[in-house]
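Take a look at the structure set out below.
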Amino acid sequence: MHFFLTTIIFFLITSCSNNNGNSSNSEKSMDGEETCPTGMKLDGNSKKCISICSNDLIYNKITGVCEEPMKPLSCAPPLVFNTEKNGCICPGSAVKGDPAKDQNPGSCFCSYDRVFDLKISDCRCANESYVFNDQLNKCIPNCSENQEYSAKYNECIPLCGKKNGLVYEHSIKSCREICPDHFVFDAYTFKTCVADCKGNSFLDPKSIKQCLKGYSLEVYSYGVKDSILPLLSVQSYFYILLVTQNSSPEEIELFKTKISQALMAWLRPLRGWASVDFKTIFEYDTSTDSSTFLGQNRIGVYVFPKEITGNRPHAIGHSIYLYPDSDLQTYIHEFGHLFGFTDSYEKNSNPYRCKPGYTFNTTVMCGDGKELLPADIDSIRDLYCNIYHGNECETDYHLPLDPAITVSMD
Ligand SMILES: [Zn+2]
């Protein structure tokens, strides 16, 4: 050992004697070729002469001396020695912590949703039943042979095979037949392909292959005289009395927005025929008894907590009663009553269901929607025609709606 060290020291002295040891600027020979002093060679990158190291030594560009290579044993686990880099690195796909960022720069870190596992000396998915997918750069479930990974659902799904006429149906978590044209898969009731009923039509309960035409909304038995629609003939705006208590200015703004949106929803199908250029004029009061304010041309909207109104949202005459947290769908339903339409659901039925001829998809007077549904659109147009055109109101006033379709599998 002593002999070995002496050799290195001797070597360093001789090789570095030229220019303070580190490197030497090259000298140009007569013919322009760059030359280095004996024991040195020209470094292609730095264009400087560097020491020629003996076999076992490696030139250190920073210190400028030939050094013994770092030994694998000197790497503290989990780091391992890498000859190419002549340094300690993390094994596998792990990377060493950044001294500038990480509290523990000697540790190994893994990208994506992986953790470093000392047992395998590599990164693995945090969830041990997952495998890392290089293309997706994420950990995904380890799917079995007759499954495939679905990025959409982030889970293994059965290989259905479109060739066999099957597709994966997430709602039933299995393969199903591909529905023919004009049919859709019904995941809730029939769990098979049923006729695709559009517009004011609904699936025939006796045959899932055809649709029946839905009914128009029923108008209150006392006729249209109490509908607020005729108000538009005497004024071009709705005069609204908003009655509420202890509501903040923000809440009041929200009530006003929902009132306007609900009115717009009902009047939108009339655009193009009537100049329904309405605006709303609001008045406020905090009294629960507003009978003195409600003239013939006014709509009352009462927004009170359950404890005060006691009843669920409802409509009487030209007034509707709502809770502070009633949603737009509820406003639209209650305004439907103000326009003169009755409820399309069975009273006191359990479970809740629509009257025959109506479905959740055809009217907001049974289902709910942030916009009118086909039977509602049809009915508000009919009502408008009846009020303003009487008997002359025929097909001219019907804008095209999706007709009820009847389709058959055979
Ligand atoms: Zn109702």
### Summary
Considering residues that are of a type in the set (Ser, Thr, Tyr), in a helix (DSSP H, G or I) and over 26 Å from Pro230 (Cβ atoms), the number found within segment 299-348 is 1
### Task
Return the residue satisfying two criteria in turn: it lies in segment 311-346 and is more than 10 Å from the ligand (Cβ to nearest atom) and of a type in the set (D, E, K, R), and of such residues it is farthest from the chain's Cα centre (by Cα).
Glu346
### Task
Could you please tell me which pairs satisfy a Cβ distance under 8 Å, a separation of 6+ or placement on different chains, a first residue in segment 166-189 that is touching a residue at least 60 places away in the same chain (Cβ under 8 Å) and surrounded by 16 or more Cβ atoms within 10 Å (Cβ to Cβ), and a second residue that is of a type in the set (D, E, K, R) and in a loop (DSSP other than H, G, I, E, B)?
His182/Asp196; Phe183/Asp196
### Query
Taking segment 96-127, which residues are within 16 Å of Asn154 (Cα to Cα) and either touching a residue at least 60 places away in the same chain (Cβ under 8 Å) or surrounded by fewer than 16 Cβ atoms within 10 Å (Cβ to Cβ) (or both)?
Tyr112, Asp113, Ala126, Asn127
#### Entry: Test: residue in segment 8-15 that is assigned to a loop (DSSP other than H, G, I, E, B) and either modelled with pLDDT under 55 or not assigned by TED's automatic domain parsing to the domain that holds Asn104 (or both)
no
### Task
Tell me which residues, restricted to segment 315-333, are surrounded by 14 or more Cβ atoms within 10 Å (Cβ to Cβ), modelled with pLDDT under 95 and within 23 Å of Glu218 (Cβ to Cβ).
Ala315, His318, Ser319, Ile320, Tyr321, Leu322
### Message
Condition check: under 30 Å from Val80 (Cβ atoms), modelled with pLDDT of 90 or more and not in a loop (DSSP other than H, G, I, E, B). Does Arg176 satisfy that?
### Response
no
### Query
Can you tell me which residues in segment 332-362 are more than 11 Å from Ser379 (Cβ to Cβ), touching a strand residue (DSSP E or B) at 6+ places or on another chain (Cβ under 8 Å) and of a type in the set (Val, Ile, Thr)?
Thr359
### Task
Name every residue in segment 364-377 that is within 11 Å of the ligand (Cβ to nearest atom) and either in contact (Cβ under 8 Å) with a residue 60 or more places away in the chain or touching a strand residue (DSSP E or B) at 6+ places or on another chain (Cβ under 6 Å) (or both), in order of residue number.
Met365, Cys366
### Query
In segment 363-383, is there at least one residue being modelled with pLDDT under 70, surrounded by 12 or more Cβ atoms within 10 Å (Cβ to Cβ) and farther than 22 Å from Tyr188 by Cα?
no
### Message
So in segment 221-272, with the set limited to residues that are among the acidic types (Asp, Glu) and modelled with pLDDT of 85 or more, which one is surrounded by the most Cβ atoms within 10 Å (Cβ to Cβ)?
### Response
Glu251
### Query
Regarding Ser408, is this residue at pLDDT below 85 and closer than 28 Å to Ser207 by Cβ?
yes
### Query
Which residue, of Asp98, Asp102, Asp181, is charged (D, E, K, R), over 24 Å from the mean Cα position of the chain (by Cα) and at pLDDT 90 or above?
Asp181
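The values are calculated or read from the model by the stated rules, or taken from the named source; none is laboratory data. Because the structure is a prediction, the values reported are computed rather than measured. Methodologically, a virtual Cβ is constructed for each residue, glycine included, from the backbone with ideal geometry; neighbour enumeration extends over all protein chains shown.
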